[in-house]
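Asker: Before we start, here is the structure in question, set down as C-alpha cells.
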Amino acid sequence: MTIYDYEEVDSDGANRMIAVLREMVSTGKSKAVGADFDGFVIADCDDFAYTDPVDGSVSTKQGVRFVFTDGSRIIFRLSGTGSHGATVRLYVEKYTSNESLFEADTQAGMKDLIDVALKISKLKEFTGRDEPTVIT
C-alpha cells in the first residue's frame, strides 16, 4: 500500500472533488460498477463507514472507496478543511499474485493504479496539484 498526501490544497476544490466522487458512488453507482479504467474494472464503490467494535458507534463518510475486480482498491479521504487549505489523502492498494513483482519498487509497481485514481478523481483539475506533498 502507498499513501499520497496532497496538503494545503484549495478547500473549495477539494470539497468539490469529494462531492463528485460521493455522487459517483451513490446515485451514479450503477454506471461506475463495471467501468473499465485502463484494465482496472470497478467491482464495487462506496462512501464507507466505520463501526467501532467496542461501543458500536458509527462514523460515516470515512472515505470514498473504489474496489476493482482484481482486489486492488483506491480510497480518497479529505481532512483539515480549515483556513489554510485541505489535505486530500489517496490510499492505493494493488493486488498481484505475480511473485516477481513482490520486491519491485512500490511506486513503479503501483503507477498504473495511481494513474487510474488520478483519472477517476480528476484531482489535478480540482486542486491544481501535479504531485503529492508526501508519499508514504
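Asker: Being outside any helix (DSSP H, G or I), in contact (Cβ under 8 Å) with a residue 24 or more places away in the chain and not small (Gly, Ala, Ser) is the filter here; which residues of the range 113-136 pass it?
Answerer: Initially, the range 113-136 is screened for residues outside any helix (DSSP H, G or I), giving 122, 128-136.
Next, only the ones that are in contact (Cβ under 8 Å) with a residue 24 or more places away in the chain stay: 122, 128-129, 132-136.
Within the range 113-136, Lys122, Arg129, Pro132, Thr133, Val134, Ile135, Thr136 meet the criteria.
Asker: Take the range 8-26 and flag every residue that is of a type in the set (A, V, I, L, M, F, W, C) and assigned to a strand (DSSP E or B). Show your work before the answer.
Answerer: To start, the set of residues in the range 8-26 that are of a type in the set (A, V, I, L, M, F, W, C) comprises 9, 14, 17-21, 24-25.
The one that is of a type in the set (A, V, I, L, M, F, W, C) and assigned to a strand (DSSP E or B): Val9.
Asker: Checking Glu103 against (1) farther than 23 Å from Gly28 by Cβ; (2) of a type outside the set (S, T, N, Q); (3) in contact with a helix residue (DSSP H, G or I) (Cβ under 7 Å, 6 or more places away or on another chain), only one condition comes out false. Which one?
Answerer: Result: Glu103 passes all but (3).
Asker: Would you mind stating whether Asp38 is closer than 17 Å to Leu113 by Cα, open to solvent by 50 Å² or more (accessible area, probe 1.4 Å), at pLDDT 95 or above and over 14 Å from the mean Cα position of the chain (by Cα)? Give the derivation first.
Answerer: Working: closer than 17 Å to Leu113 by Cα: yes; open to solvent by 50 Å² or more (accessible area, probe 1.4 Å): yes; at pLDDT 95 or above: yes; over 14 Å from the mean Cα position of the chain (by Cα): yes.
So Asp38 passes the test.
Asker: Kindly indicate which of Gly63, Gly56, Gly109 is open to solvent by less than 50 Å² (accessible area, probe 1.4 Å) and modelled with pLDDT under 95. So that I can check it myself, show each step before the final result.
Answerer: On the way: Gly63 fails: modelled with pLDDT under 95; Gly56 fails: modelled with pLDDT under 95.
Among Gly63, Gly56, Gly109, only Gly109 is open to solvent by less than 50 Å² (accessible area, probe 1.4 Å) and modelled with pLDDT under 95.
Asker: Here's something else I'd like to know. Say we look at the range 1-35 and pick out the residues that are in contact with a Pro (Cβ under 8 Å, 6 or more places away or on another chain) and surrounded by 18 or more Cβ atoms within 10 Å (Cβ to Cβ); which of these is farthest from Asp112 (Cα to Cα)? Break it down into steps so the answer makes sense when it comes.
Answerer: Taking the range 1-35 as the starting set, the residues that turn out to be in contact with a Pro (Cβ under 8 Å, 6 or more places away or on another chain) are 4-6.
With the extra rule that they be surrounded by 18 or more Cβ atoms within 10 Å (Cβ to Cβ), the set shrinks to 4, 6.
Working: Tyr4: 14, Tyr6: 19 Å.
In this case the residue turns out to be Tyr6.
Asker: Take the range 88-100 and flag every residue that is more than 30 Å from Asn15 (Cα to Cα) and in contact with a helix residue (DSSP H, G or I) (Cβ under 9 Å, 6 or more places away or on another chain). Please lay out each step first, then the result.
Answerer: From the range 88-100, those more than 30 Å from Asn15 (Cα to Cα) are 96-100; that's our starting set.
Of everything in the range 88-100, just one residue is more than 30 Å from Asn15 (Cα to Cα) and in contact with a helix residue (DSSP H, G or I) (Cβ under 9 Å, 6 or more places away or on another chain), namely Thr96.
Asker: If His84 meets every condition in (1) within 17 Å of the chain's Cα centre (by Cα); (2) open to solvent by 50 Å² or more (accessible area, probe 1.4 Å) apart from one, which number is that one?
Answerer: The number of the failed condition is (1).
The values are calculated or read from the model by the stated rules, or taken from the named source; none is laboratory data. What you see is a predicted model, and the numbers here were worked out from it, not measured in a lab. Cβ: placed from backbone, ideal geometry, glycine included. Neighbour counts: every protein chain shown. Just so you know, the surface numbers come from the protein's heavy atoms only, side chains and all, with ligands and any DNA or RNA stripped out. Shrake-Rupley method; radii C 1.70, N 1.55, O 1.52, S 1.80 Å.
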